[in-house]
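Peer 1: If you scroll down you'll find the structure; I have some questions about it.
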Amino acid sequence: MLRVSELTVRYGPNPAVQGVNITVDNGELVVLLGANGAGKSTIFRTLSGLTRPTAGRIELFGKDVTGLAAHRAVREGIAHCPEGRMLFPQLSVQKNLLLGAYTERRDKRAMQARLEQVFELFPVLRDKQHAPAGSLSGGQQQMVAIGRALMANPRLLLLDEPSLGLAPLVVEQVLEAIRRIHETGVMVLLAEQNARAALEIADRGYVIENGRVVMEGTRDELLRSPRVQEAYLGV
Amino acid sequence: MDEWGVAMTLLLQEILNGIVVGSIYSLVALGLTLVYGVMEIPNFAHGHLYMLGAYIAFFLLTSAHFSYWPALLGAVVVLVVVGLLVERLVFNPLRKAPQVNAMIASVGVMLFLEALAQAIWGPNYLQMPTPYGNVLHIGALSVTQQQLLVVVAAIVMMVLLNLFLKRTMIGAAIEAVAQHREGALLVGIPSGRIAMLTFAIASGLAALAAVLVTPINLLFPAMGTMVIMKAFVIIVLGGMGSIPGAILGGYILALAESIGGAYISTNYQDLIAFAVLVLILSIRPAGLFARRA
């Protein structure tokens, strides 16, 4: 399980994230709701080691992984599909995906098997595997980004706004893929603007505002909450 | 031979010379563009690593009595180690500082290496011996064995480098870091180690280029200065960080210099290099192979 305790991250004098507590139990899909700039991306960046926390503690299966460099966090089983995707635009789709398994590059057979799994999840990528990642549509690039994170065989998958800027039909495909990934037993922490669709596939959720957790609950609790309905579900 | 035959021979001879010089330009520019791509540092010391490679080979040939190929290999190995040291001792400590700090540090390394070479080997021009001094005649064209060696070795090296970058995971990791540093970290690529490796490869390539071409030219402590100027012109016109850009840019520049030099005036050779730069940049401001944002 993932246990984040009292996490604080400051850029300059202002805290982007303050005293945040989040847990993800084994096999859970947990969603983070919040407006732009609420601190969700900062939480993700800190979990995957791109940003160092100012205070707090991050534990994965009881092991302290606080402040671990990003390339070490992957080895602990944390894969981050970041905001903006961060693909390698001139490399082929296949190479982008294979690089996702960089930490286990010596096991060629496992790499190929996982590549096959990603192609099963996103069949369109099989046809595009030799195209440069930068030449794909936004939705397909998002699939590459999710697939690349999966190639690391993560225990915890961090998905930051995977449906941002995608057409409604593609959003559905991506969320369906996330649901299937979750079914395989991977812990998923998902940030989503599309709150209703995210809650539908989630077990639990947190509402983040101004860098703090202001509310938490199960899917049904959040769906019924007037505060969530008003701010995020547009009821 | 009639007038037309003479003119054609002259042109072909200049193209041949351009290809020889272009092979060297390309090797040097490749290292510069690799380092720029991965570390985002314009390494002003790159030409002086080239110079150091030539002096190491000169030392091995004349003082340690190595033959040519062991001396070439020795110079490459020494420069790989020097490259690793420079990256660890100079650039790695500056990786979180503003980019201009690393730029200034590279100028520092450049001045240091030039002073070092001058202190050890003196300011005079030296001649590097080679067993490949014979002149070959192909029709009316003449070429030295050494010139032929330059072209063949450079092309072999470019092919090997390309295979390494395109066919191995470590090579892919180098390209990945160059295309998205944070993305590379996220998949578990240790960018620090990739930077070391890249710097070592670039230094080795510079040494190789220097040992290949110096028997044709002369050896002196400031020999890196003109080379680095040309290499910067090449990677700017080829597109900063682009590998095909560096290779093609090297040959374009050298051919423009040799052909322009023959038909206009050799006095303007260096001017032609910069005229080509201005011309290409006015058509393609980001270079021939601009990296997508």
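Peer 1: Roughly how many percent of the accessible protein surface of the protein assembly as shown is carbon and sulfur, given a 1.4 Å probe and a whole-percent answer?
Peer 2: Working: 13680 of 22860 Å².
Looking at the protein assembly as shown in its full context, I get 60 percent from C and S.
Peer 1: Points 7 angstrom from Cα along the Cβ direction at B:His65 and A:Glu200: gap in nanometres?
Peer 2: The answer from the label model is 8.4 nm.
Peer 1: List the aspartates and glutamates whose Cα lies under 18 Å from the Cα of A:Lys108, skipping any in the same chain that are fewer than 8 positions away.
Peer 2: Cα-Cα hits under 18 Å: A:Glu116.
Peer 1: Using only Cα atoms and rounding to the nearest 10 degrees, what angle (0 to 90) does helix B:269-283 make with the longest principal axis of chain B?
Peer 2: Its long axis makes an angle of about 60 degrees.
Peer 1: Now, a different point. How big is the dipole moment of the stretch B:3-283 about its Cα centre under a simple scheme where the beta carbon of each Lys and Arg is +1, that of each Asp and Glu is -1, and everything else is neutral? Debye, nearest 20, please.
Peer 2: With Lys and Arg at +1 and Asp and Glu at -1, about 680 debye.
Peer 1: Taking all pairs of different Cα atoms in the protein assembly as shown, averaging 1/r and flipping that mean, what Kirkwood radius in angstroms comes out? Write out the running numbers ahead of the final one.
Peer 2: Details: mean 1/r = 0.0388 Å⁻¹.
About 25.8 Å for the protein assembly as shown.
Peer 1: May I ask you to compute the full-extension gain from B:Val77 to B:Asp270, defined as 0.36 nm times their residue separation minus their alpha-carbon distance, rounded to one decimal in nm?
Peer 2: Answer, rounded to one decimal: 66.3 nm.
Peer 1: Here's something else I'd like to know. Pairs of Cα atoms under 8 Å, at least six residues apart: use those to get the relative contact order of chain A, whole percent.
Peer 2: 28
Peer 1: Here is a follow-up. Among B:Lys230, B:Lys166, B:Lys96, whose mean-square fluctuation peaks in a Gaussian network model of chain B (Cα, cutoff 10 Å)?
Peer 2: It is B:Lys96.
Peer 1: Taking a ≥ b ≥ c as the square roots of the eigenvalues of the Cα gyration tensor of the stretch A:91-163, is the shape rounded (a/c under 1.5), prolate (a/b larger than b/c) or oblate?
Peer 2: On the way: a/c = 1.75, a/b = 1.23, b/c = 1.43.
Oblate, since a/c reaches 1.5 and b/c is not below a/b.
Peer 1: I'd like the trypsin sites (Lys or Arg not before Pro) in the stretch A:75-112 restricted to DSSP loop residues with at most 11 other Cβ atoms within 10 Å, sorted by number. Write down the numbers at each step before the final one.
Peer 2: Details: sites: A:Arg75, A:Arg85, A:Lys95, A:Arg105, A:Arg106, A:Lys108, A:Arg109; in loops: A:Arg85, A:Arg105, A:Arg106.
Hits after loop and neighbour filter: A:Arg106.
Peer 1: In the stretch B:137-175, which residues become less accessible by 50 Å² or more once every protein chain is in place, relative to the chain on its own, using a 1.4 Å probe?
Peer 2: In the stretch B:137-175, residues shielded by partner chains: B:Met169.
Peer 1: Tell me what the protein assembly as shown gives for mean residue ellipticity at 222 nm when only DSSP H runs of n ≥ 4 count, each as -39,500 (n - 2.57), the sum divided by the residue total, rounded to 500 deg cm²/dmol. Show your work: numbers first, answer last.
Peer 2: Numbers: 20 runs with 293 residues, N = 528.
The helix contribution divided over the protein assembly as shown gives -18000 deg cm²/dmol.
Peer 1: Keeping all protein chains in the complex and leaving out DNA, RNA and ligands, what accessible area do you get for B:Trp121 with a 1.4 Å probe, in Å² to the nearest 10?
Peer 2: Accessible area of B:Trp121: about 60 Å².
Peer 1: Sticking with this one: According to a simple spin-label model (label point 7 Å from Cα along Cα-to-Cβ), what is the distance in nm between A:Met1 and B:Met226?
Peer 2: Calculated label separation equals 7.2 nm.
Peer 1: From a point 7 Å beyond the Cα of B:Leu141 in the direction of its Cβ, which residues of the stretch B:16-56 have a backbone N at a distance under 14 Å?
Peer 2: B:16-23
Peer 1: Give me the accessible area per residue for the stretch B:3-283, probe 1.4 Å, as a whole number in Å². Display every interim value, and only then the final one.
Peer 2: Working: 11800 Å² over 281 residues.
Heavy-atom accessible area per residue stands at 42 Å².
Peer 1: Could you work out how far the C-alpha centroid of the stretch B:118-158 sits from that of the stretch B:236-281, in angstrom?
Peer 2: 21
Peer 1: A follow-up question, please. Counting alpha carbon pairs within less than 8 Å and at least 6 residues apart, what relative contact order, in whole percent, applies to the stretch A:138-235?
Peer 2: Values: 94 pairs, mean separation 21.2, N = 98.
Once divided by the residue count of the stretch A:138-235, the mean separation gives 22 percent.
Peer 1: Next up: Would you work out the charge dipole size for the protein assembly as shown about its Cα centre, treating the Cβ of every Lys and Arg as +1 and the Cβ of every Asp and Glu as -1, and quote it to the nearest 20 debye? Don't jump to the answer; show the numbers that get you there.
Peer 2: Values: 39 positive and 35 negative charges, 162 e Å.
Here the size comes out at about 780 debye.
Peer 1: Another question, if that's okay. Return the average number of partner chain Cβ atoms within 10 angstrom of each residue Cβ along peptide A:94-103. Walk me through the numbers before you get to the answer.
Peer 2: Working: counts 0, 5, 6, 1, 3, 11, 3, 3, 11, 4.
Shielding by partners across A:94-103 averages 5.
Peer 1: Let me ask something else about it. Looking at chain A only, what percent of DSSP beta bridges run antiparallel? Nearest 5 please. Before the final figure, lay out the partial values.
Peer 2: Working: 21 of 38 bridges.
For chain A, the DSSP antiparallel bridge percentage is about 55.
Peer 1: Go ahead and collect, in residue order, the members of the stretch B:191-235 whose backbone nitrogen is under 12 Å from a label point 7 Å along the Cα-Cβ direction of B:Phe112.
Peer 2: Counting only backbone N, you get no residues.
Peer 1: Share of Cα-Cα pairs in the stretch B:3-283 beyond 37 Å, in percent?
Peer 2: Working: 4847 of 39340 pairs.
So the portion of pairs separated by more than 37 Å is 12 percent.
Peer 1: Quote the total accessible area buried by chains A and B together, excluding ligands, DNA and RNA, probe 1.4 Å, nearest 100 Å².
Peer 2: On the way: alone 11030 and 14030 Å², together 22860 Å².
Approximately 2200 Å², summed over both chains.
Peer 1: For chain B, modelled as a Gaussian network with Cα springs under 10 Å, which listed residue fluctuates most, B:Val159, B:Val187, B:Val276?
Peer 2: For chain B, modelled as a Gaussian network with Cα springs under 10 Å, the answer is B:Val187.
Peer 1: Taking 0.36 nm per intervening residue step and subtracting the Cα-Cα distance, what contour gain separates B:Phe164 from B:Ala119 on full extension?
Peer 2: Details: separation 45, 0.36 × 45 = 16.20 nm, distance 3.74 nm.
Result for the pair: 12.5 nm of gain on full extension.
Peer 1: Could you work out how far helix A:108-121 tilts from the main Cα principal axis of chain A, as a 0 to 90 degree angle to the nearest 10?
Peer 2: Helix A:108-121 sits at roughly 70 degrees to that axis.
Peer 1: Okay, moving on. Report relative contact order for chain B in percent, whole number only (criteria: Cα-Cα under 8 Å, sequence separation at least 6). Walk me through the intermediate numbers first.
Peer 2: On the way: 446 pairs, mean separation 104.2, N = 293.
This gives 36 percent for chain B.
Peer 1: Report the label-to-label distance for A:His130 and A:Ala35 in nanometres (one decimal), using points 7 Å from each Cα along the Cα→Cβ vector.
Peer 2: In this crude label model, A:His130 to A:Ala35 measures out at 4.9 nm.
Peer 1: Let me ask you something else. Compute the long axis of helix B:3-39 from its Cα atoms, compare it with the longest principal axis of the Cα atoms of chain B, and write down the angle in degrees, 0 to 90, nearest 10.
Peer 2: 10
The values are calculated or read from the model by the stated rules, or taken from the named source; none is laboratory data. Nothing here was measured: the structure is a model prediction, and the numbers come from that model. With ideal geometry, Cβ positions are generated from the backbone for all residues, glycine too; neighbour counts draw on all protein chains shown. Quick note on the areas: whole protein, heavy atoms, side chains included, nothing else; ligands and nucleic acids left out. Shrake-Rupley method; radii C 1.70, N 1.55, O 1.52, S 1.80 Å.
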